[in-house]
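The values are calculated or read from the model by the stated rules, or taken from the named source; none is laboratory data. Predicted model, so just to flag it, every value in this text is computed and none were measured. Cβ placement follows ideal geometry from the backbone for every residue including glycine, while neighbour counts extend to all protein chains displayed.
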Amino acid sequence: MSTLEIKGLRAEVAGKEILKGIDLTVKSGEVHAIMGPNGAGKSTLSAVIMGKPGYTVLGGSVTLDGVDMLAIPTWERAIAGLHLVMQYPTEVPGVHADQMLAEALTARQRGTDGMADRIASEAGRINFDAGLVSRALNVDLSGGEKKRNETMQLGVLEPKFAILDELDSGLDIDALRDCARRVEAATHESNLGVLAITHYVRLFEELKPDIVHIMVAGRIVSSGGPELADQLEIDGYAAFA
Ligand code: ADP
Ligand code: MG
């Protein structure tokens, strides 16, 4: 059992305070959804958790099983067990997905024996064309293929916690179902903890949230069960602002 704990997190970007004190605790196997209007700071939260350059932490902490994540570089956070699926996956010309996974597994001291089989099996589960792993990472892939590619990597690497920044953006219904179903399965199979940022309750048909948080203007203004998302569909964010 692992715990990702965010306490009083405040952060600024380009001289503007965006996160104004975020408290959030996610445990292994739990799915926490974060919903909120555009500009609330949802992507900023994911960026600060992973250590994307350009963001300044003004206060608070992010720990994984008590280890200070803010004190170590992004690659060490990834090895510690944090995994971000970006809203717009980065294209990396010249690096193939399988080469990247081999490096990642080696850095985790897990070895690459059977990696090709593992990739094929993960690709099969989400209807991803495994032939694409020997092409440049995400280059010229469709929106759906990119998210399937990212989800395949998540399946192979088996992190402790996944942060999904709008997994549903740029995805057609079939790709969304495949990816969301795979992440939900990981919460049972490998006890994955999930922080799922989304605008759409449609995601929850496959990925079942235990807790829904509503974020407005850099703060979590409400937390509750899945019914909170249904209420949001009816009332909109105005009721929470
Ligand atoms: P959300 O994901 O909830 O839509 P973001 O975290 O992307 O919101 O953005 C929150 C606010 O921070 C927005 O007002 C956005 O313009 C600003 N912001 C985010 N990143 C940057 C940046 N690199 N430079 C300047 N402003 C930024
Ligand atoms: Mg965003």
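If we scan segment 78-93, do we find a residue that is on the phi > 0 side of the Ramachandran plot, away from ligand 1 (no atom under 16 Å from the Cβ) and surrounded by fewer than 20 Cβ atoms within 10 Å (Cβ to Cβ)? No, there is no match, as no residue in segment 78-93 is on the phi > 0 side of the Ramachandran plot, away from ligand 1 (no atom under 16 Å from the Cβ) and surrounded by fewer than 20 Cβ atoms within 10 Å (Cβ to Cβ). Annotation: of all residues in segment 30-56 being in contact with a Ser or Thr (Cβ under 8 Å, 6 or more places away or on another chain) and touching a residue at least 60 places away in the same chain (Cβ under 8 Å), the one that is farthest from ligand 1 (Cβ to nearest atom) is 30. Considering only residues that are more than 20 Å from residue 149 (Cα to Cα), surrounded by 16 or more Cβ atoms within 10 Å (Cβ to Cβ) and under 16 Å from the mean Cα position of the chain (by Cα), which ones fall in segment 180-209? Listed by number, the residues that qualify are 204, 209.
Just one of the listed residues (228, 195, 232) is closer than 14 Å to residue 33 by Cα and within 16 Å of ligand 2 (Cβ to nearest atom), and it is 195. With the structure loaded, tell me whether residue 70 is in contact with a Lys or Arg (Cβ under 7 Å, 6 or more places away or on another chain), under 30 Å from residue 19 (Cβ atoms) and surrounded by fewer than 19 Cβ atoms within 10 Å (Cβ to Cβ) or whether it fails that test. When the stated conditions are applied, residue 70 does not pass them. Consider segment 141-169 and keep the residues that are away from ligand 1 (no atom under 16 Å from the Cβ) and hydroxyl-bearing (Ser, Thr, Tyr). The one that is surrounded by the fewest Cβ atoms within 10 Å (Cβ to Cβ) is 142. Considering only residues in segment 1-12 that are more than 10 Å from ligand 1 (Cβ to nearest atom) and either among the charged types (D, E, K, R) or in contact (Cβ under 8 Å) with a residue 60 or more places away in the chain (or both), the one that is farthest from residue 80 (Cα to Cα) turns out to be 10. Each residue in segment 86-124 was checked for being among the charged types (D, E, K, R) and farther than 13 Å from residue 150 by Cα, and 6 of them qualify.
Answer with yes or no whether residue 15 is within 20 Å of the chain's Cα centre (by Cα), within 16 Å of ligand 1 (Cβ to nearest atom) and surrounded by fewer than 20 Cβ atoms within 10 Å (Cβ to Cβ). Judged against the criteria, residue 15 is not a match. For the residues 74, 25, the requirement of being away from ligand 2 (no atom under 16 Å from the Cβ) and in contact with an Asp or Glu (Cβ under 6 Å, 6 or more places away or on another chain) singles out 25. Could you identify the single residue in 135, 148 that is under 17 Å from residue 89 (Cα atoms) and modelled with pLDDT under 90? Being under 17 Å from residue 89 (Cα atoms) and modelled with pLDDT under 90 holds for just one of 135, 148, which is 135. Within segment 60-83, residues that are free of Cβ contacts under 8 Å to residues at least 24 places away in the same chain have Cβ atoms under 7 Å from residues that are part of a strand (DSSP E or B) and polar (S, T, N, Q) in these pairs: 68/61; 69/63; 70/61, counting only partners at least 6 apart in sequence or on another chain. For segment 57-77, taking the residues that are under 28 Å from residue 191 (Cβ atoms) and among the small types (Gly, Ala, Ser), the one that is farthest from ligand 1 (Cβ to nearest atom) is identified as 66.
Scanning segment 113-151 for residues that are in a helix (DSSP H, G or I) and over 20 Å from residue 46 (Cβ atoms) yields a count of 18. Kindly indicate whether residue 211 is farther than 18 Å from residue 90 by Cβ and out of contact with any Ser or Thr (no Cβ under 9 Å at 6 or more places or on another chain). Criteria not met by residue 211. Those strands (runs of 3 or more DSSP E) of segment 44-112 in which at least 2 residues are over 27 Å from residue 134 (Cβ atoms), considering only elements entirely within it, cover 55-64.
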